[in-house]
């Protein structure tokens, strides 16, 4: 399985370093020296990380064969893609990789369908599930313990207990559920 782990930003200095926007929870593993990453667009790579360092809170990388500012600038906006074993799990039992959460069904504690996770948005304050509702609309669910009560990878579902108003009017959900029972 391939996952986007970073996006290359602007060149830094004159010796081929670039800033990167990290898109992985494990940059020390995925963006370590020696890592070989596929790219999008594919014409830019594969790229092998030669060095990495943090400067003023930003990760800077240098790739083998990229020796000057012009070569580094030509890589701007390129996505870096790592091969990941689909069965690989984070060390902590309550942590998940994005690919494990994608396409999970989202349900309320009583089993009422909310939708399906289509994206995980990593914001500075918290992560969000972008959930596509059955009607095609989207709702954002904060990935916090108070709301996301259970992630069951075997059942392929996330159980949530949202506060009133987060996903929509609870009465609408109950009404829709009751209508479905009447039809059976």
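Summary of computed values
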read-out: Residue match in the stretch 63-78 (condition: closer than 30 Å to residue 148 by Cα, outside the structural domain of residue 149 (by TED's automatic domain parsing), surrounded by fewer than 18 Cβ atoms within 10 Å (Cβ to Cβ) and touching a residue at least 60 places away in the same chain (Cβ under 8 Å)); value: no
read-out: Enumeration of residues in the stretch 2-42 that are over 26 Å from residue 95 (Cα atoms) and touching a helix residue (DSSP H, G or I) at 6+ places or on another chain (Cβ under 6 Å); value: 11, 14, 16, 18
read-out: Residue tally, condition more than 17 Å from the chain's Cα centre (by Cα) and either outside any strand (DSSP E or B) or within 15 Å of residue 79 (Cβ to Cβ) (or both), over the stretch 11-35; value: 10
read-out: Verdict on residue 175 being modelled with pLDDT under 85 and either farther than 30 Å from residue 4 by Cα or outside any loop (DSSP other than H, G, I, E, B) (or both); value: yes
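The values are calculated or read from the model by the stated rules, or taken from the named source; none is laboratory data. Computed from a predicted model, the values in this text were never measured in an experiment. Don't worry about glycine lacking a Cβ; one is built from the backbone with ideal geometry, like all the others, and counts go over all protein chains shown.
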